[in-house]
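Undergrad: Take a look at the following structure, please.
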Amino acid sequence: MAGFFKSLYQKITNRAEIAWDNLESDLISSDLGIHLSTRILDELRALGREISADDVVETTRRQLAGRLPEDSAPPVPRADGQPFVILVVGVNGTGKTTSTAKLGLWLKNRGHSVMLAAADTFRAAAVEQLQHWGERLDLTVVKGHPNADPSSVCFSAHQQAIAAQARFLICDTAGRIHTRHNLMEELGKIRRTLAKQDASAPHLTPNSASRRGFWAPAKNPPPSRFSTRTPSSAISSEPAA
(Lines give C-alpha, C1' and ligand atoms only; values in the text may rest on other atoms or scores of the structure.)
Protein backbone atom coordinates (compact mmCIF):
# COMPACT_ATOMS: atom_id res chain seq x y z
CA MET A 1 0.00 0.00 0.00
CA ALA A 2 3.04 2.25 -0.08
CA GLY A 3 1.99 3.44 -3.53
CA PHE A 4 -1.38 4.60 -2.22
CA PHE A 5 0.17 6.76 0.53
CA LYS A 6 2.82 8.09 -1.85
CA SER A 7 0.14 9.12 -4.34
CA LEU A 8 -1.95 10.75 -1.62
CA TYR A 9 1.08 12.60 -0.26
CA GLN A 10 2.04 13.90 -3.70
CA LYS A 11 -1.48 15.11 -4.42
CA ILE A 12 -1.44 17.23 -1.31
CA THR A 13 2.13 18.56 -1.48
CA ASN A 14 1.60 19.70 -5.07
CA ARG A 15 -0.96 22.26 -3.87
CA ALA A 16 -0.27 25.68 -2.43
CA GLU A 17 -2.76 25.01 0.36
CA ILE A 18 -5.02 22.15 1.42
CA ALA A 19 -8.70 22.71 0.72
CA TRP A 20 -11.10 20.49 2.66
CA ASP A 21 -13.33 19.86 -0.34
CA ASN A 22 -10.39 18.80 -2.49
CA LEU A 23 -9.04 16.59 0.28
CA GLU A 24 -12.42 14.90 0.68
CA SER A 25 -12.52 14.21 -3.06
CA ASP A 26 -9.00 12.77 -2.95
CA LEU A 27 -9.89 10.38 -0.13
CA ILE A 28 -13.16 9.22 -1.65
CA SER A 29 -11.62 8.77 -5.11
CA SER A 30 -8.95 6.60 -3.48
CA ASP A 31 -11.74 4.05 -2.81
CA LEU A 32 -11.77 4.68 0.94
CA GLY A 33 -15.52 5.25 0.96
CA ILE A 34 -17.54 8.12 2.35
CA HIS A 35 -17.72 6.93 5.97
CA LEU A 36 -14.00 6.34 6.38
CA SER A 37 -13.13 9.54 4.52
CA THR A 38 -15.44 11.47 6.87
CA ARG A 39 -13.74 9.98 9.95
CA ILE A 40 -10.34 10.97 8.59
CA LEU A 41 -11.51 14.53 7.89
CA ASP A 42 -13.10 14.84 11.34
CA GLU A 43 -9.87 13.76 13.02
CA LEU A 44 -7.86 16.24 10.95
CA ARG A 45 -10.24 19.11 11.71
CA ALA A 46 -10.00 18.26 15.41
CA LEU A 47 -6.29 19.12 15.31
CA GLY A 48 -7.37 22.78 15.29
CA ARG A 49 -4.47 23.97 13.18
CA GLU A 50 -3.23 24.08 9.61
CA ILE A 51 -2.64 20.53 8.47
CA SER A 52 0.20 19.14 6.40
CA ALA A 53 0.56 16.24 3.98
CA ASP A 54 2.21 14.26 6.79
CA ASP A 55 -0.86 14.82 8.98
CA VAL A 56 -3.15 13.48 6.25
CA VAL A 57 -1.04 10.39 5.56
CA GLU A 58 -0.56 9.49 9.22
CA THR A 59 -4.24 10.01 10.07
CA THR A 60 -5.30 7.94 7.08
CA ARG A 61 -2.83 5.21 7.97
CA ARG A 62 -4.08 5.11 11.57
CA GLN A 63 -7.75 4.99 10.55
CA LEU A 64 -7.09 2.19 8.06
CA ALA A 65 -5.05 0.17 10.55
CA GLY A 66 -7.87 0.36 13.07
CA ARG A 67 -10.32 -1.15 10.59
CA LEU A 68 -8.21 -4.03 9.33
CA PRO A 69 -8.47 -7.57 10.70
CA GLU A 70 -5.72 -9.24 12.68
CA ASP A 71 -3.19 -11.16 10.62
CA SER A 72 -4.10 -14.80 10.19
CA ALA A 73 -2.22 -17.90 9.15
CA PRO A 74 -0.93 -18.11 5.56
CA PRO A 75 -2.41 -20.67 3.17
CA VAL A 76 -1.03 -24.18 3.22
CA PRO A 77 -0.88 -26.73 0.40
CA ARG A 78 -4.05 -28.76 0.01
CA ALA A 79 -4.09 -32.28 1.39
CA ASP A 80 -5.51 -33.67 -1.87
CA GLY A 81 -2.52 -32.39 -3.87
CA GLN A 82 -4.61 -30.06 -6.03
CA PRO A 83 -3.47 -26.45 -6.57
CA PHE A 84 -4.46 -23.85 -4.00
CA VAL A 85 -5.85 -21.09 -6.21
CA ILE A 86 -5.37 -17.44 -5.23
CA LEU A 87 -7.24 -14.79 -7.22
CA VAL A 88 -5.74 -11.33 -6.68
CA VAL A 89 -8.23 -8.47 -7.09
CA GLY A 90 -8.36 -4.74 -6.38
CA VAL A 91 -8.77 -1.28 -7.84
CA ASN A 92 -6.34 0.22 -10.34
CA GLY A 93 -2.86 1.12 -9.21
CA THR A 94 -2.77 -0.83 -5.95
CA GLY A 95 0.14 -3.11 -6.82
CA LYS A 96 -1.65 -6.32 -7.81
CA THR A 97 0.96 -7.49 -10.32
CA THR A 98 3.90 -6.76 -8.04
CA SER A 99 2.07 -8.35 -5.10
CA THR A 100 1.40 -11.44 -7.20
CA ALA A 101 5.10 -11.83 -7.93
CA LYS A 102 6.14 -11.18 -4.33
CA LEU A 103 3.61 -13.68 -3.04
CA GLY A 104 4.86 -16.23 -5.56
CA LEU A 105 8.42 -15.74 -4.33
CA TRP A 106 7.31 -15.92 -0.70
CA LEU A 107 5.66 -19.29 -1.31
CA LYS A 108 8.54 -20.56 -3.44
CA ASN A 109 11.06 -19.69 -0.72
CA ARG A 110 9.05 -21.92 1.61
CA GLY A 111 9.49 -24.89 -0.67
CA HIS A 112 6.21 -24.76 -2.57
CA SER A 113 5.80 -25.12 -6.34
CA VAL A 114 4.07 -22.03 -7.71
CA MET A 115 2.59 -20.94 -11.04
CA LEU A 116 1.37 -17.47 -12.00
CA ALA A 117 -1.46 -16.55 -14.38
CA ALA A 118 -1.21 -13.23 -16.27
CA ALA A 119 -4.96 -12.57 -16.42
CA ASP A 120 -4.73 -8.77 -16.52
CA THR A 121 -5.18 -8.86 -20.28
CA PHE A 122 -6.56 -5.33 -20.56
CA ARG A 123 -3.17 -3.82 -19.73
CA ALA A 124 -0.46 -5.22 -22.01
CA ALA A 125 2.24 -3.92 -19.71
CA ALA A 126 0.83 -6.05 -16.86
CA VAL A 127 1.44 -9.27 -18.79
CA GLU A 128 4.96 -8.17 -19.68
CA GLN A 129 5.58 -7.07 -16.11
CA LEU A 130 4.51 -10.43 -14.67
CA GLN A 131 6.58 -12.28 -17.29
CA HIS A 132 9.59 -10.19 -16.30
CA TRP A 133 9.03 -11.04 -12.64
CA GLY A 134 8.61 -14.72 -13.53
CA GLU A 135 11.95 -14.75 -15.33
CA ARG A 136 13.71 -12.99 -12.47
CA LEU A 137 12.19 -15.21 -9.79
CA ASP A 138 12.20 -18.45 -11.80
CA LEU A 139 8.42 -18.81 -11.65
CA THR A 140 6.30 -20.21 -14.49
CA VAL A 141 3.92 -17.60 -15.93
CA VAL A 142 0.94 -18.62 -18.05
CA LYS A 143 -0.38 -15.99 -20.47
CA GLY A 144 -2.89 -15.83 -23.30
CA HIS A 145 -2.91 -13.98 -26.59
CA PRO A 146 -3.27 -10.16 -26.53
CA ASN A 147 -6.69 -9.07 -25.18
CA ALA A 148 -7.54 -12.66 -24.31
CA ASP A 149 -10.53 -13.40 -22.09
CA PRO A 150 -9.16 -13.31 -18.51
CA SER A 151 -11.24 -16.34 -17.55
CA SER A 152 -9.69 -18.37 -20.37
CA VAL A 153 -6.20 -17.44 -19.15
CA CYS A 154 -7.10 -18.55 -15.62
CA PHE A 155 -8.64 -21.77 -16.95
CA SER A 156 -5.53 -22.60 -18.98
CA ALA A 157 -3.24 -21.75 -16.08
CA HIS A 158 -5.33 -23.87 -13.71
CA GLN A 159 -5.22 -26.75 -16.18
CA GLN A 160 -1.44 -26.50 -16.43
CA ALA A 161 -1.05 -26.17 -12.66
CA ILE A 162 -3.03 -29.38 -12.15
CA ALA A 163 -0.97 -31.22 -14.78
CA ALA A 164 2.30 -29.97 -13.26
CA GLN A 165 1.09 -30.77 -9.72
CA ALA A 166 1.84 -27.20 -8.66
CA ARG A 167 0.80 -26.55 -5.07
CA PHE A 168 -0.21 -22.92 -5.67
CA LEU A 169 -1.65 -20.97 -8.58
CA ILE A 170 -1.80 -17.17 -8.27
CA CYS A 171 -3.97 -15.32 -10.80
CA ASP A 172 -3.27 -11.64 -11.41
CA THR A 173 -6.38 -9.77 -12.62
CA ALA A 174 -7.15 -6.36 -14.07
CA GLY A 175 -7.87 -3.41 -11.80
CA ARG A 176 -11.55 -2.74 -11.29
CA ILE A 177 -13.76 -0.43 -9.24
CA HIS A 178 -16.58 -2.19 -7.40
CA THR A 179 -19.16 0.20 -8.84
CA ARG A 180 -18.48 -0.97 -12.42
CA HIS A 181 -20.99 -3.77 -12.84
CA ASN A 182 -19.51 -5.32 -15.98
CA LEU A 183 -16.04 -5.54 -14.48
CA MET A 184 -17.35 -7.12 -11.31
CA GLU A 185 -19.33 -9.65 -13.34
CA GLU A 186 -16.07 -10.61 -15.03
CA LEU A 187 -14.77 -11.83 -11.67
CA GLY A 188 -17.83 -14.05 -11.42
CA LYS A 189 -16.99 -15.51 -14.84
CA ILE A 190 -13.43 -16.26 -13.71
CA ARG A 191 -14.80 -17.99 -10.64
CA ARG A 192 -17.21 -20.11 -12.67
CA THR A 193 -14.48 -21.03 -15.13
CA LEU A 194 -12.11 -22.12 -12.38
CA ALA A 195 -14.91 -24.15 -10.80
CA LYS A 196 -15.16 -26.30 -13.93
CA GLN A 197 -11.95 -28.03 -12.83
CA ASP A 198 -12.28 -27.52 -9.08
CA ALA A 199 -15.63 -26.58 -7.53
CA SER A 200 -13.88 -25.10 -4.49
CA ALA A 201 -11.66 -22.66 -6.45
CA PRO A 202 -10.60 -19.94 -5.93
CA HIS A 203 -9.62 -20.63 -2.34
CA LEU A 204 -8.41 -17.15 -1.41
CA THR A 205 -9.23 -13.77 -2.95
CA PRO A 206 -6.91 -11.12 -1.53
CA ASN A 207 -7.64 -7.48 -2.34
CA SER A 208 -4.46 -5.54 -3.01
CA ALA A 209 -5.85 -2.27 -1.67
CA SER A 210 -4.33 -2.44 1.81
CA ARG A 211 -1.32 -3.64 3.75
CA ARG A 212 -2.32 -5.94 6.61
CA GLY A 213 -4.26 -9.17 6.63
CA PHE A 214 -3.02 -10.57 3.32
CA TRP A 215 -3.71 -14.06 4.55
CA ALA A 216 -7.23 -13.33 5.79
CA PRO A 217 -9.04 -16.66 5.47
CA ALA A 218 -11.63 -17.33 2.83
CA LYS A 219 -14.24 -17.89 5.52
CA ASN A 220 -16.53 -15.09 6.71
CA PRO A 221 -15.56 -12.48 4.10
CA PRO A 222 -16.43 -8.85 4.81
CA PRO A 223 -19.46 -7.62 2.86
CA SER A 224 -18.34 -6.11 -0.42
CA ARG A 225 -19.06 -6.14 -4.10
CA PHE A 226 -15.87 -8.18 -4.53
CA SER A 227 -17.10 -10.93 -2.22
CA THR A 228 -20.38 -11.27 -4.10
CA ARG A 229 -18.47 -12.15 -7.26
CA THR A 230 -15.92 -14.45 -5.68
CA PRO A 231 -16.22 -17.04 -2.89
CA SER A 232 -13.94 -15.13 -0.59
CA SER A 233 -12.67 -11.66 0.00
CA ALA A 234 -9.63 -10.65 1.98
CA ILE A 235 -7.45 -7.65 2.41
CA SER A 236 -3.98 -7.89 0.95
CA SER A 237 -0.64 -6.21 1.03
CA GLU A 238 2.59 -6.50 -0.80
CA PRO A 239 4.18 -9.27 1.31
CA ALA A 240 7.82 -9.11 2.09
CA ALA A 241 9.90 -11.44 -0.05
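Undergrad: Whether any residue in the range 65-72 is exposed (fewer than 15 other Cβ atoms within 10 Å of the Cβ) and over 18 Å from the mean Cα position of the chain (by Cα) is what I want to check.
TA: Checked the range 65-72: at least one residue is exposed (fewer than 15 other Cβ atoms within 10 Å of the Cβ) and over 18 Å from the mean Cα position of the chain (by Cα).
Undergrad: Just to check your reading of the model, which residue among Ala46, Ala19 is outside the structural domain of Val91 (by TED's automatic domain parsing), under 20 Å from Arg67 (Cβ atoms), among the hydrophobic types (A, V, I, L, M, F, W, C) and surrounded by fewer than 14 Cβ atoms within 10 Å (Cβ to Cβ)?
TA: Criteria check complete, one pass: Ala46.
Undergrad: Would you be able to say whether some residue in the range 79-97 is assigned to a loop (DSSP other than H, G, I, E, B), touching a residue at least 24 places away in the same chain (Cβ under 8 Å) and of a type in the set (Ser, Thr, Tyr)?
TA: yes
Undergrad: Look through Ala157, Ala148, Ala126 and report the one residue that is under 16 Å from Ala101 (Cα atoms) and modelled with pLDDT under 95.
TA: Just one listed residue meets the conditions, Ala126.
Undergrad: Which one of these is at pLDDT 80 or above and either outside the structural domain of Ser99 (by TED's automatic domain parsing) or on the phi > 0 side of the Ramachandran plot (or both): Leu41, Leu32, Leu8?
TA: The conditions single out Leu41.
Undergrad: Please pick out the residue among Thr94, Thr13, Thr100 that is modelled with pLDDT of 85 or more and of a type in the set (S, T, N, Q).
TA: Thr100
Undergrad: Can you find a residue in the range 182-205 that is surrounded by fewer than 21 Cβ atoms within 10 Å (Cβ to Cβ), at pLDDT below 90 and out of contact with any helix residue (DSSP H, G or I) (no Cβ under 9 Å at 6 or more places or on another chain)?
TA: yes
Undergrad: Shifting gears a bit: Could you please let me know if His112 is touching a residue at least 40 places away in the same chain (Cβ under 8 Å) and at negative phi?
TA: Taking the combined requirement at face value, the residue satisfies it.
Undergrad: Next question. Would you pick out the residues in the range 99-134 that are assigned to a helix (DSSP H, G or I) and touching a Cys at 6+ places or on another chain (Cβ under 9 Å)?
TA: Listed by number, the list holds a single entry, Thr100.
The values are calculated or read from the model by the stated rules, or taken from the named source; none is laboratory data. Here the structure is a predicted model, which means the values were calculated and not measured. Cβ sites come from the backbone with ideal geometry, for glycine too, and all protein chains shown count toward neighbours.
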